[in-house]
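Scroll down for the structure; my scribbles are underneath it.
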Amino acid sequence: MTGTAGSGPHIVVVDDEPDARAMVGDYLRLHGFDVALCDGGRALRAHLSERAPALIVLDLNMPEEDGLSIVRDLKARSRIPIIMLTATASPIDRVVGLELGADDYLPKPCELRELVARVRSVLRRAQGTPAPPRAEAPEPAEAPARRVRFGTKWLELDAVRLRDDHGVEQPLTRSEFDLLKAFADHPKRALSRERLLDLADARDPDAFDRAIDVRINRIRKKVEPDPANPRFIRTVRGLGYVFRPEGD
């Protein structure tokens with residue numbers, strides 16, 4: 001594992017190919033990121049035990065341990081955003097990776113300028129928290145928390161989290177939150193997959209709109225009383241989906 005110190009967000013690049021790993025790392029450093037390079041899952045876990053990154057760029061096709069198992073393990077115990085690099089000939093890997101909780105993907109070999117744009121976009125979504133009030137300002141009246149009912153859960157918009165009626169938090173990736181917020185902002189309106197990709201800032205280079213279907217299925221398992229027969233996030237045949245707050 002190698003790395004360099006820097007003032008930008010800390011990014012870990014995981015790839016078993018030395019040339020590809022170095023190329024991605026060098027390009028990210030040129031754009032101000034603090035980058036560490038790992039050759040596989042073992043090196044990544046050793047690095048995580050010492051320092052938590054802001055984001056991981058992860059190759060899925062590695063001989064020591066495949067990237068999908070790494071995604072599964074990381075998302076079970078952390079919220080670190082992950083951008084997958086996948087072979088263009090393996091679209092099923094993209095679907096499985098998104099289903100496991102990865103935040104974005106790019107085909108490999110990737111366009112490095114697009115990778116930097118994706119990294120910045122995912123970081124903006126992951127780090128988007130409201131600024132604290134200025135110390136010298138008078139204490140404003142406390143505004144009611146913004147939240148929207150989604151079936152069995154409450155989506156807390158300001159806190160960026162999903163909770164049940166007892167206050168127990170349901171793990172939620174940033175891409176899942178962005179989709180739920182898109183529905184919350186447009187209740188009872190049929191939204192196409194393309195429109196959802198746009199609203200959730202989850203555009204894919206190959207118009208891979210079926211990725212939305214994967215994320216919707218994940219969300220339904222978290223908010224629907226019966227995910228096999230959804231009442232609140234309904235499919236609109238031939239178009240996309242609609243959020244029905246009352247479950248009608």
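Some observations on this one:
Yes or no, residue by residue, for (1) assigned by the TED database to the domain that holds LYS108; (2) touching a helix residue (DSSP H, G or I) at 6+ places or on another chain (Cβ under 6 Å); (3) at pLDDT 85 or above:
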residue: PRO140; (1), (2), (3): no, no, no
residue: ARG161; (1), (2), (3): no, no, yes
residue: VAL168; (1), (2), (3): no, no, yes
residue: LEU199; (1), (2), (3): no, yes, no
residue: ALA207; (1), (2), (3): no, no, no
residue: ARG210; (1), (2), (3): no, no, no
residue: LYS222; (1), (2), (3): no, no, yes
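- Here the condition is being farther than 19 Å from CYS110 by Cβ and among the charged types (D, E, K, R); of ASP39, ASP19, ASP15, ASP34, it holds for ASP34 alone.
- Cβ separations smaller than 6 Å between residues 6+ apart or across chains give the following pairs from the range 103-124 residues that are outside the structural domain of ILE212 (by the TED database) to residues that are of a type in the set (Ser, Thr, Tyr) and surrounded by fewer than 19 Cβ atoms within 10 Å (Cβ to Cβ): PRO107/THR88; LEU112/TYR27.
- Pairs where the first residue, in the range 32-59, is closer than 24 Å to ARG94 by Cα and modelled with pLDDT of 95 or more and the second is among the charged types (D, E, K, R) and buried (at least 18 other Cβ atoms within 10 Å of the Cβ), C-beta under 6 Å, 6+ apart: LEU37/ARG21
- A Cβ distance below 6 Å, combined with a sequence gap of six or more or placement on separate chains, defines the contacts here; from the range 171-197, residues that are modelled with pLDDT of 85 or more and hydrophobic (A, V, I, L, M, F, W, C) reach residues that are open to solvent by less than 10 Å² (accessible area, probe 1.4 Å) and part of a loop (DSSP other than H, G, I, E, B) in the pairs LEU179/ALA200; ALA182/ALA200.
The values are calculated or read from the model by the stated rules, or taken from the named source; none is laboratory data. Small disclaimer: the values here were computed from a predicted structure and weren't measured. Cβ coordinates were reconstructed from backbone atoms using ideal geometry, including for glycine residues, and neighbour counts include every protein chain displayed. Note: areas computed on protein heavy atoms with side chains; ligands, DNA, RNA excluded. Shrake-Rupley method; radii C 1.70, N 1.55, O 1.52, S 1.80 Å.
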